[in-house]
Amino acid sequence: MNLFSKTGHETAYMNWWLDRQKARKDATLRFDGYGVDVTVKKTVFSPDPGETWSSALLLKHLPDLAGKKVLDMGCGCGLLGLFASTQGASSVVLADANEEAVANSRENLLHKASVVRSDLFEHIDETFDVIVANLPIIDIAWPRIEEGTHNLHARFFKAMPAHLSARGLCFLSFASFGEIGDFERLIESQPFAYTVVEERKFDVNWYLLELSMKNGTQA
């Protein structure tokens, strides 16, 4: 089964994206239609839909969050967690391994939510109805992740089921500039039911995976 495919423009996109990061400054982004504005520090991943599509794709496809316990894993500037807190979520936890991202998220959170510095689920003790994960996709963009992005995803999938409620949903982003073969094999080896949404932007394919435990049982 081929869940993911390349367009042939991945290298050009990554070179363009990396060049843009060199000139970044602190910025405020407005997400029209979602009712959230975020300040993004220049050292933190930017969800700017003018240069990346992973965050925008997640925003487009999140379910009704009213009354849900939500975890924003790999929160960066806090965009997705902030959005969840404006949508009536009963509780929102944001987590990131990067201290600068944690500080940036805390600056943006105007609604009741908590932010924790955590290497994936290291300091997360709860279970959630919705887990949103916008994790690093390709090593060249994240050289400080010594284990590599594939191993990071593998650890995420190993730990995530224990933190997802029996009928909970996990939403995960990916893109065609990642190692699609390795990622597909990783997905197919997991005890999840899944659906995949694909959108093309910047001449590359962006993916949203909706994951749930098979038979609605918690691991």
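Positive end of the dipole of segment 12-77, charges at C-beta (+1 Lys, Arg; -1 Asp, Glu), about the Cα centre: which of A23, L71, P49 has its Cα farthest in that direction?
A23
How big is the dipole moment of segment 53-145 about its Cα centre under a simple scheme where the beta carbon of each Lys and Arg is +1, that of each Asp and Glu is -1, and everything else is neutral? Debye, nearest 20, please.
On the way: 7 positive and 12 negative charges, 61 e Å.
In debye, rounded to 20, segment 53-145 gives about 300.
Just to check I understand the Karplus step: with θ = phi - 60° and J = 6.51 cos²θ - 1.76 cosθ + 1.60, what whole-Hz values come out for segment 186-196, glycine and proline as x?
So the J values, rounded to whole Hz, are 5, 4, 5, 8, 8, x, 10, 8, 8, 10, 10.
From the square roots a ≥ b ≥ c of the eigenvalues of the alpha-carbon gyration tensor of segment 113-162, which class results: rounded (a/c under 1.5), prolate (a/b over b/c), or oblate?
Note, shape of segment 113-162 comes out prolate.
What is segment 10-216 by shape, rounded, prolate or oblate, if you read a ≥ b ≥ c off the alpha carbon gyration tensor as root eigenvalues and call it rounded for a/c under 1.5, prolate for a/b larger than b/c, and oblate otherwise?
rounded
Ranked by Cβ crowding within 10 angstrom, fewest neighbours first, how are Y13, Y207 ordered?
Y13, Y207
Would you mind checking K112/K214; K6/K214; K69/K112; K60/K201; K22/K112; K69/K214 for any pair whose Cα atoms are more than 22 angstrom apart?
K112/K214; K6/K214; K22/K112
I'd like the per residue volume of the convex hull spanned by the Cα atoms of segment 1-49, given in cubic angstrom.
125 Å³
Based on DSSP H runs of at least 4 residues, each adding -39500 (n - 2.57), what is the mean residue ellipticity at 222 nm of the chain after dividing by all its residues, to the nearest 500 deg cm²/dmol?
-8000 deg cm²/dmol
Under the rule a/c < 1.5 gives rounded, and otherwise a/b versus b/c splits prolate from oblate, where does segment 55-135 land using the Cα gyration tensor?
Since a/c stays below 1.5, the shape of segment 55-135 is classed as rounded.
Please get the size of the charge dipole for segment 10-216, origin at its Cα centre, with Cβ charges of +1 on Lys and Arg and -1 on Asp and Glu, quoted in debye to the nearest 20.
Numbers: 21 positive and 29 negative charges, 84 e Å.
About 400 debye.
Can you put M213, M14 in order of Cβ neighbours within 10 angstrom, beginning with the fewest?
M14, M213
Any read-out appearing in this document is the output of simple, stated calculations on the displayed coordinates, not a laboratory observation. Computed from a predicted model, the values in this text were never measured in an experiment. Counting neighbours? That spans all protein chains shown, and the Cβs are built from the backbone with ideal geometry, glycine included.
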